1. Does segment 1-64 come out rounded, prolate or oblate by the C-alpha gyration tensor, with a ≥ b ≥ c the root eigenvalues, rounded set by a/c under 1.5 and, if not, prolate when a/b is larger than b/c and oblate if not?
2. For Asp34, enumerate residues with amide H under 5 Å from its amide H, sequence gap 5+ or separate chain, H modeled in the peptide plane.
3. Using amide H atoms built 1.01 Å from N in the peptide plane, name the residues 5+ places from Thr89, or on other chains, whose amide H lies under 5 Å from its own.
4. Translational D (Stokes-Einstein, µm²/s) of segment 167-216 at 37 °C and 0.692 mPa s when Rh comes from the Kirkwood sum over C-alpha pairs?
5. Give the relative contact order (percent, whole number) for the chain; include only Cα pairs under 8 Å separated by 6+ residues.
6. May I ask what percent, to the nearest 5, of DSSP beta bridges between residues of the chain are antiparallel?
7. Which pairs, out of Lys32/Lys78; Lys28/Lys67; Lys40/Lys135; Lys40/Lys110; Lys110/Lys219; Lys219/Lys244, put more than 28 Å between their alpha-carbon atoms?
8. Among Tyr230, Tyr51, Tyr58, which comes first, then next, by fewest other beta-carbon atoms within 10 Å?
Amino acid sequence: MKRICVFLFSGTGMTKYVVNKITPELEKLQVKVDIYPIEKTQIQSIPLSTYDTVGIAYPVHAFNAPKIVVDFARQLPKVRASNVFLISTAGENHPVNYSSSRLLINILHKKNYHVFYDKQFYMPSNFAVKYDEPKAEQLIATANAEIPQTAHDIANLACCKRNNSFLSKSMAFIGRAEWFGAVFIGKLFYADKKCSHCGICADSCPNHNIVSGNHMRFKWHCGLCMRCLYICPQHAIKVHQPFKFISFEEWYTNEELLVGRKK
């Protein structure tokens, strides 16, 4: 039986949704899958040599893989040769997102990882623009329809790569400014009077940016994954102006989206 490990980062659950749908399809093809959340994984503890294929899954942030994913890739050990597939999720099918994996692929190639597959799924947005429910359901249905073929391609090492235009490469380069801007925007997050001090946001933050207690405090490590905004049971986390627009008042109603406003 083939063995695959997937290193997963998912801010609000869209990428996790896709990976969790691909996993049983791979298992139908006699592939054993182990999933490791990037923010909780010490790469030294993972027996990479025991896996036939390695996957990295992430949401597109400002036309790039998130910084936490890029930093994780830099920690991977150099190997003789290893096949890698990339799964990403984005809010729309637009050419400016097509180079989101470029920096990640460059890092992996220098460590002798061969990226044979680079597939992007389009899922409901979690940033600034909330899609209406019919559009969200349509995107999810389209992703579900593509997943069996994706699993087949990964299991059989089929090649899937995207063309990187000058525009998409330029936007990816410019978009990396978000890595620095996010820490400043993160300082505009706050918990309002509805906060029950449950600590869910602090425990869930992949960058350990939130200090819970009688007075919630947001530090200088925000990656703008948006998880805290939508996982809060009280809807207590807000963003000060001029960035109030980036968050939704209500999350999507689809119960399969794994990180959302708790009822």
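Read the figures in this text as sums done on the coordinates, not as results from a lab. Being a predicted model, the structure only gives us computed values, none of them experimental. Cβ coordinates were reconstructed from backbone atoms using ideal geometry, including for glycine residues, and neighbour counts include every protein chain displayed.
1. On the way: a/c = 2.29, a/b = 1.29, b/c = 1.78.
Verdict is oblate for segment 1-64.
2. Sorted by chain and number, the residues that satisfy this are Ile4, Cys5, Val6.
3. Tyr58, Val60, Phe121
4. Translational D for this selection: 252 µm²/s.
5. Reported as a whole number, the value is 20 percent.
6. Values: 6 of 35 bridges.
Approximately 15 percent, going by the DSSP bridge assignments.
7. Values: Lys32/Lys78 24 Å; Lys28/Lys67 33 Å; Lys40/Lys135 33 Å; Lys40/Lys110 24 Å; Lys110/Lys219 33 Å; Lys219/Lys244 18 Å.
Exceeds cut-off: Lys28/Lys67; Lys40/Lys135; Lys110/Lys219.
8. Details: Tyr230 24, Tyr51 19, Tyr58 27.
Going from least to most buried by this count: Tyr51, Tyr230, Tyr58.
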